[in-house]
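These notes concern the structure reproduced below.
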Amino acid sequence: MIPNVDNDSLVYLNGELVRLGDAKVSVLDRGFIFGDGVYDVVPAYGGKPFRMSEHLARLERSMAAISIQCDLQRSDWEHIVLDLIERSGLGDCVVYIQVTRGVAKRDHGFPQGVKPTIFCMVSPFKRPDAAMREQGLSAIGKTDERWLHCDIKSISLLGNVLARQAALEAGVDDVIQFRNGCLTEGSAANVWVVKNGVLLAPPRSKLILEGIRYGLMEELAERCGVPFEARPITEAEVLAADELLLTSATKEVLPITRYNGQPVGDGRPGPVYARLRAAYDTAIAAL
Ligand code: PDD
């Protein structure tokens with residue numbers, strides 16, 4: 001019995017559908033031993049995955065980046081995701097996909113002739129509620145202490161885990177991380193700055209994960225007539241922001257209304273957030 005999950009829900013493990021409570025992986029799995037694997041998280045609304053092809057393309061890029069070869073084709077992944085969602089009977093749900101380098105004797109170098117371990121599960125999606133949308137989130141600034149390949153969606157998430165815990169221990173929702181004085185991202189989300197009506201984001205680089213919402217926000221900004229600029233953003237600019245926003249598959253798009261104990265702008269969700277939020281909801285409704 002695993003607490004706080006539906007042990008009877010079906011998960012995909014190495015080509016089979018099994019009960020979550022019965023799914024077992026070897027202790028020698030390199031995901032367990034080394035954190036040697038990648039993952040992705042696909043949100044779905046009313047049983048329909050949102051931006052699935054972008055998520056699967058990123059999963060393939062993550063696998064390629066760490067030289068994991070897997071037999072599954074794009075259509076196989078799509079089938080697994082859609083089948084799990086359908087069998088779950090869930091409407092709004094989140095599909096977690098993880099691929100590790102597989103099971104082998106513990107040795108740092110890549111093992112030969114080992115098949116990756118492939119795991120997928122679906123869980124209910126508790127979407128951000130009205131209070132979160134209307135009051136916004138709180139965050140503190142923190143030095144980014146993670147590695148230099150944050151562009152890979154690696155399951156080695158210790159830096160992100162410690163960052164989130166630092167936020168929770170400070171009584172806030174998340175951190176805004178900085179490397180060499182420039183904004184990177186949150187513990188599990190991209191962070192955006194609005195200044196004088198312009199939406200700003202750090203450029204795509206190895207220092208951030210390019211969220212699927214990164215490209216989506218660019219699209220939505222264009223659709224809403226909000227100018228967008230990707231460029232390095234200093235800590236001082238974050239402090240002086242008119243609005244701060246955060247995006248991820250599970251947080252969607254939310255305002256950060258308190259930063260380092262101070263209100264952001266007037267402390268309420270701003271007009272650029274309101275436009276992008278409405279455009280995000282429209283994109284979901286069009287599914
Ligand atoms: N996290 N940056 C980091 C470090 C992330 O972990 C995530 C997503 C994002 C946003 O990516 P996207 O828009 O594709 O969700 C940015 C997922 C949700 C997680 O780890 O659960």
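The values are calculated or read from the model by the stated rules, or taken from the named source; none is laboratory data. It should be emphasised that the depicted structure is a prediction, and the values quoted were computed from it without experimental measurement. Backbone-built Cβ (ideal geometry, glycine too); neighbour counts: all protein chains shown. Just so you know, the surface numbers come from the protein's heavy atoms only, side chains and all, with ligands and any DNA or RNA stripped out. Shrake-Rupley method; radii C 1.70, N 1.55, O 1.52, S 1.80 Å.
One way to sum up the overall shape of the chain is the equivalent ellipsoid from its Cα gyration tensor, whose semi-axes run 33, 22, 18 Å, largest first. Distances between placed amide hydrogens fall under 5 Å for Gly141 paired with Ile176, Asn260, all partners being 5 or more residues away or on another chain.
A straight line joining the Cα centroids of the stretch 34-79 and the stretch 242-287 runs 26 Å.
Non-local lysine pairs in the chain, meaning eight or more places apart or on different chains, with alpha-carbon distances under 17 Å, amount to 5. Taking Phe119, Phe110, Phe125 and ordering them by how much accessible surface each has at a 1.4 Å probe, largest first, produces Phe110, Phe119, Phe125. Charge dipole of the chain (Cα centre as origin; +1 on each Lys and Arg Cβ, -1 on each Asp and Glu Cβ, all else neutral): 340 debye, rounded to the nearest 20. Across the stretch 36-41, computed HN-Hα scalar couplings (Karplus, 6.51 cos²θ - 1.76 cosθ + 1.60, θ = phi - 60°) run 8, x, 9, 8, 8, 10 Hz from first to last residue, x flagging Gly and Pro.
Annotation for the stretch 71-170: trypsin sites (Lys or Arg not before Pro) lying in DSSP loop with at most 15 further Cβ atoms inside 10 Å of their Cβ are Lys105, Arg106, Lys126.
These residues, Phe32, Phe178, Phe228, go from largest to smallest accessible area, 1.4 Å probe, as Phe32, Phe228, Phe178.
Close amide-amide hydrogen proximity is noted between Glu243 and Val194, each under 5 Å apart and 5 or more residues distant or on a separate chain (H modeled in the peptide plane; Pro and chain starts excluded).
Element breakdown for the chain at a 1.4 angstrom probe: carbon and sulfur atoms account for 54% of the accessible area. Taking all protein chains into account, the per residue accessible area for the chain stands at 48 Å² (1.4 Å probe).
Each Lys and Arg Cβ is given +1 and each Asp and Glu Cβ -1; about its Cα centre, the stretch 161-287 then shows a dipole of about 100 debye. Taking amide H as placed 1.01 Å from N in the peptide plane, Val103 has its amide H under 5 Å from the amide H of Arg30, Lys115, each at least 5 places away in sequence or on another chain.
Only Lys, Arg, Asp and Glu carry charge here, each on its Cβ (+1 for the first two, -1 for the last two); on that basis the stretch 140-226 has a dipole of about 120 debye about its Cα centre. Calculate the FRET efficiency for Gln262 and Ala64 from the Cβ-Cβ distance with a Förster distance of 45 Å, rounded to the nearest 0.05. After rounding to 0.05, the efficiency reads 0.60.
For the stretch 137-148, backbone phi angles converted through the Karplus equation (6.51, -1.76, 1.60; θ = phi - 60°) give residue-by-residue couplings of 9, 10, 8, 10, x, 8, 5, 6, 10, 7, 6, 9 Hz, Gly and Pro being listed as x. Taking each DSSP H run with n ≥ 4 as -39500 (n - 2.57) and averaging over every residue of the chain yields -9000 deg cm²/dmol at 222 nm.
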